[in-house]
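Here's the structure we're looking at; comments come further down.
The values are calculated or read from the model by the stated rules, or taken from the named source; none is laboratory data. These figures come from a predicted structure and were not determined experimentally. Here the Cβ is made from the backbone with ideal geometry for all residues, glycine too, and neighbour counts use every protein chain on show. Keep in mind that these areas ignore ligands, DNA and RNA; they rest on the heavy atoms of the full protein, side chains included. Shrake-Rupley method; radii C 1.70, N 1.55, O 1.52, S 1.80 Å.
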There are 2 protein chains.
Amino acid sequence: MPADSSALGGLNDILGLHIRRAHGAVQRHFTERFADLGLTQKQVSVLWLASDHPGIAQTDLARTLDMDRATTMAIVHALEKRELLERTKSASDARRVALALTAEGRALLRDAQAAIGEHERWLKERFTGPELATLTEMLRRIYR
Amino acid sequence: MPADSSALGGLNDILGLHIRRAHGAVQRHFTERFADLGLTQKQVSVLWLASDHPGIAQTDLARTLDMDRATTMAIVHALEKRELLERTKSASDARRVALALTAEGRALLRDAQAAIGEHERWLKERFTGPELATLTEMLRRIYR
DNA sequence: TCAAGTTTGTATGTGTTACGTACAATTATT
DNA sequence: AATAATTGTACGTAACACATACAAACTTGA
């Protein structure tokens, strides 16, 4: 049985497939490393953003991370249930909910950021500095 | 004030996030374009591979596309239920199932490949030839 | 100002993908 | 022949994404 590239045949020219497989590999590595922390990529991103922008609303999260509002809700809800996030009504706009980390959330985010550091080191170690800049810029072109 | 990069803050240096967002953008565009065909990326990949390698087994599919055996089953099953794929027992190994496209499957794959062509053109139009080669090679480094 | 439209959060449901576990049948190994 | 490994299968669980519908709060523009 031919290993990889020959077996793929015409699929080898499909950029979308390469992106999907790279994403899959990263996702898998992340999941392994974060099993004990019990956090997903999305959850870490949301905690991180809420920490950087205290009082941020769900809509802002959704916009910044390119997520559906319904999807955002599910993630925020899960974090609230674990008492990592707190929700208070916005003073300026009663529709909005201001998100903030609890002390527990801050502590867990610190651990998560350390773990992310290792994870990113694993991911980035295959690239030189200039390569990394090139890759990032190209990926950004894709999602605008 | 630049909309995205400033809001992302420290998250901006996370390569994993860029990969995830690029993947999300590609996935979204794909889903839109393939709504009428009723095929997902994974389903197209499986049809494509089965077409290139008649008699391929589920395990080979899983290995080639980096999928779980259980996940592969779900996809193959869905394609079989729609009568796009046929399964026959392998002559050389009674455990294996040989997959093959039906006439309907071949016809749909042809349409899908045309649609993939457009989709890939949309994706690739933001890169020059050499850039494309560089990007592909870098992505391949990630999933080995 | 007030009626109409928009934004925000919420609730509900569906579908896809991923993965874990366990099991039976078959083939390989020792 | 006994044991191990492979293959397909059948569960179950979980994360996301998205669609739709709705209420409450804000914005608008006539």
*Which value in deg cm²/dmol, rounded to the nearest 500, describes the helix-derived mean residue ellipticity at 222 nm for chain B, given -39,500 (n - 2.57) per DSSP H run of n ≥ 4 and division by the residue count?*
-21000 deg cm²/dmol
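Need one number: convex hull volume per residue for segment A:34-143, Cα atoms only, in Å³. Display every interim value, and only then the final one.
Values: hull volume 13.3 nm³, N = 110.
Per-residue hull volume (Cα only) is 121 Å³.
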*Interface A/B, total buried accessible area with a 1.4 Å probe, nearest 100 Å²?*
5200 Å²
*Output the pairs from B:LYS42/B:LYS89; A:LYS42/A:LYS124; B:LYS42/B:LYS81; A:LYS42/B:LYS81; A:LYS42/A:LYS89; A:LYS81/A:LYS124 with a Cα-Cα distance over 25 Å in this structure; if there are none, say none.*
A:LYS42/B:LYS81; A:LYS81/A:LYS124
*Okay, which of segment B:18-49 sit inside 15 Å, backbone N to the point 7 Å along the Cα-Cβ direction of B:ARG69?*
none
*Could you pull the copy-to-copy label distances for B:TYR143, with points set 7 Å along Cα to Cβ, in nm to one decimal and sorted shortest first?*
1.7
